[in-house]
Amino acid sequence: MSFKNIPGTKPGAFCLVVIGAILVFSAAPAVAGDKIVTEETLLDRIRIEDMLIRYYVDISSGSGHDLAANFTEDAVFDVNGMIAKGREAIAKMYGGLDEENAHVGSRLHMLLNNPVISVDGDTATVWAIWSGVLNEDITKPPVMVDQGREYSELVKRDGRWYFKKRYITSDSNLPPVWKDTYRPRKFR
């Protein structure tokens, strides 16, 4: 489109209008759902996603990282209806789960998919899908062994994000340790 045939306009006026519109709209804050996304909330969202990814890398590594350090002292952790309250109880739950759910002689990778992260000041919520992918042998294809959903409520303290409430629910291949406590749940 060109303004050159419109009386009173100068060549290049259309480009200036387009550039002006881009600048005006790019300076406006974005809206995610009903929350306004600012530079600060976007940075917090990145920090939360990084924390979640490190959490799942630590689970996959089996190297004994202190996963409970990602929780507040009074946090609630609910895995398929098995509930731990407080950081010490959460650490004990992790210790018991490692032995119950180990895939001996293989490598398990935990993948985090489709995170929906909503930041509101020093609190946030996260909903996501997780998948466990097992690599039994270098000559075999990977196998998805389980999948589920999670919902977490987080708080920011001294610039770092922590889980305040964390709910994990399996959608497939429920390990025996949760047979008696499991109940279907919806978070979204």
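Take Lys165 and tell me if it is surrounded by fewer than 11 Cβ atoms within 10 Å (Cβ to Cβ) and either farther than 16 Å from Met110 by Cβ or of a type in the set (Asp, Glu) (or both).
Details: surrounded by fewer than 11 Cβ atoms within 10 Å (Cβ to Cβ): no; either farther than 16 Å from Met110 by Cβ or of a type in the set (Asp, Glu) (or both): yes.
No, not satisfied.
For region 137-153, give me the residue count where each residue is in contact with a strand residue (DSSP E or B) (Cβ under 7 Å, 6 or more places away or on another chain) and assigned to a loop (DSSP other than H, G, I, E, B). Before the answer, list the steps.
So the first thing to find is which residues in region 137-153 are in contact with a strand residue (DSSP E or B) (Cβ under 7 Å, 6 or more places away or on another chain), and the list is 142-153.
From what is left, the residues that are assigned to a loop (DSSP other than H, G, I, E, B) are 142.
Going through region 137-153 one residue at a time, the tally reaches 1.
From the list Ile138, Ile129, which one is under 12 Å from the mean Cα position of the chain (by Cα) and among the hydrophobic types (A, V, I, L, M, F, W, C)? Spell out how you get there, then give the answer.
Details: Ile138 fails: under 12 Å from the mean Cα position of the chain (by Cα).
Matching residue, one of Ile138, Ile129: Ile129.
Go through region 121-150 residue by residue and tally those that are out of contact with any Gly (no Cβ under 8 Å at 6 or more places or on another chain) and loosely packed, with under 13 Cβ neighbours inside 10 Å.
Number satisfying all stated conditions: 9.
Looking at Val126, is it in contact with a His (Cβ under 6 Å, 6 or more places away or on another chain) and either touching a residue at least 24 places away in the same chain (Cβ under 8 Å) or not assigned by TED's automatic domain parsing to the domain that holds Tyr55 (or both)? Give the steps one after another, and end with the answer.
Values: in contact with a His (Cβ under 6 Å, 6 or more places away or on another chain): no; either touching a residue at least 24 places away in the same chain (Cβ under 8 Å) or not assigned by TED's automatic domain parsing to the domain that holds Tyr55 (or both): yes.
Taking the combined requirement at face value, the residue does not satisfy it.
What number of residues within region 154-188 satisfy the criterion of being among the basic types (Lys, Arg), touching a strand residue (DSSP E or B) at 6+ places or on another chain (Cβ under 7 Å) and not in a loop (DSSP other than H, G, I, E, B)?
Of the residues in that region, 3 qualify.
Quick one: which of Asn80, Asn173, Asn135, Asn113 is under 20 Å from Met51 (Cβ atoms) and polar (S, T, N, Q)? Let's see the steps before the verdict.
Values: Asn80 fails: under 20 Å from Met51 (Cβ atoms); Asn173 fails: under 20 Å from Met51 (Cβ atoms); Asn135 fails: under 20 Å from Met51 (Cβ atoms).
Answer to the check: Asn113.
Would you please list the contacts, defined by Cβ atoms under 6 Å and residues six or more apart or on different chains, that run from a residue in region 157-175 that is among the acidic types (Asp, Glu) to a residue that is surrounded by 11 or more Cβ atoms within 10 Å (Cβ to Cβ)?
The qualifying pairs are Asp171/Gln147; Asp171/Gly148.
Can you tell me which residue among Asp66, Asp74 is assigned by TED's automatic domain parsing to the domain that holds Ser152, surrounded by fewer than 17 Cβ atoms within 10 Å (Cβ to Cβ) and modelled with pLDDT of 95 or more? Steps first, answer last, please.
Values: Asp66 fails: modelled with pLDDT of 95 or more.
The unique qualifying residue is Asp74.
Just wondering, is there one or more residues in region 141-152 that are closer than 17 Å to Ile48 by Cβ, among the β-branched types (Val, Ile, Thr) and in the same structural domain as Tyr55 (by TED's automatic domain parsing)?
no
The values are calculated or read from the model by the stated rules, or taken from the named source; none is laboratory data. Not measured: the values here are computed from a predicted model. With ideal geometry, Cβ positions are generated from the backbone for all residues, glycine too; neighbour counts draw on all protein chains shown.
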